[in-house]
Amino acid sequence: MRPFQFALIAAGLGLLLPFMLVVGKKIQLWGGSEAAVATVVRYEAEGGQNRRNSKPALFPVVRFTTVRGEIVVVKSPTGTNPPAYQVGEQVRLRYDPASPQTVELPDFSSQWLGTLGTGLFALLGGWLLRAALRQDPREHKKQAQRGYNAR
């Protein structure tokens, strides 16, 4: 195997790994999560300050009660602009009972944006792996020639 093939394999695996981690966390959350009704208490703005005409992403901060009776206030890991919810709105979310700060709100960006984004990189990684592992056409021709000459 040539160094170029090793580089393609490393790049391909490097692009596949984040997707596998995101999907693994999603499966873990869905498999052992609890549902709760949360109230949007406020928004926290992030980003947008450095670019002209750029709006900051608004991350909802929600409050809910776990099945153990613990009150949790947590900022959603994903933000949008315009905001997905109104302050005071109640939303049904999923949370990890072992770590109630790990939540997933029912909107598209919370549920699928990370998976789809890393999925695109995974496709590129798979393409790189396929290119690295595909046999060199010159090598195929040499093997065919050796087989023909052996007869």
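Worth pointing out:
- Only residues that are more than 13 Å from A36 (Cα to Cα) and surrounded by fewer than 13 Cβ atoms within 10 Å (Cβ to Cβ) were counted across region 66-104, and they come to 6.
- Count - residues of region 72-99 that are assigned to a strand (DSSP E or B), β-branched (V, I, T) and at pLDDT 85 or above: 4
- Extreme residue, surrounded by the most Cβ atoms within 10 Å (Cβ to Cβ), among residues of region 20-40 that are in contact with a Gly (Cβ under 8 Å, 6 or more places away or on another chain) and at pLDDT 80 or above: V40
The values are calculated or read from the model by the stated rules, or taken from the named source; none is laboratory data. Please read all numbers here as calculations on a predicted model, not as lab measurements. Methodologically, a virtual Cβ is constructed for each residue, glycine included, from the backbone with ideal geometry; neighbour enumeration extends over all protein chains shown.
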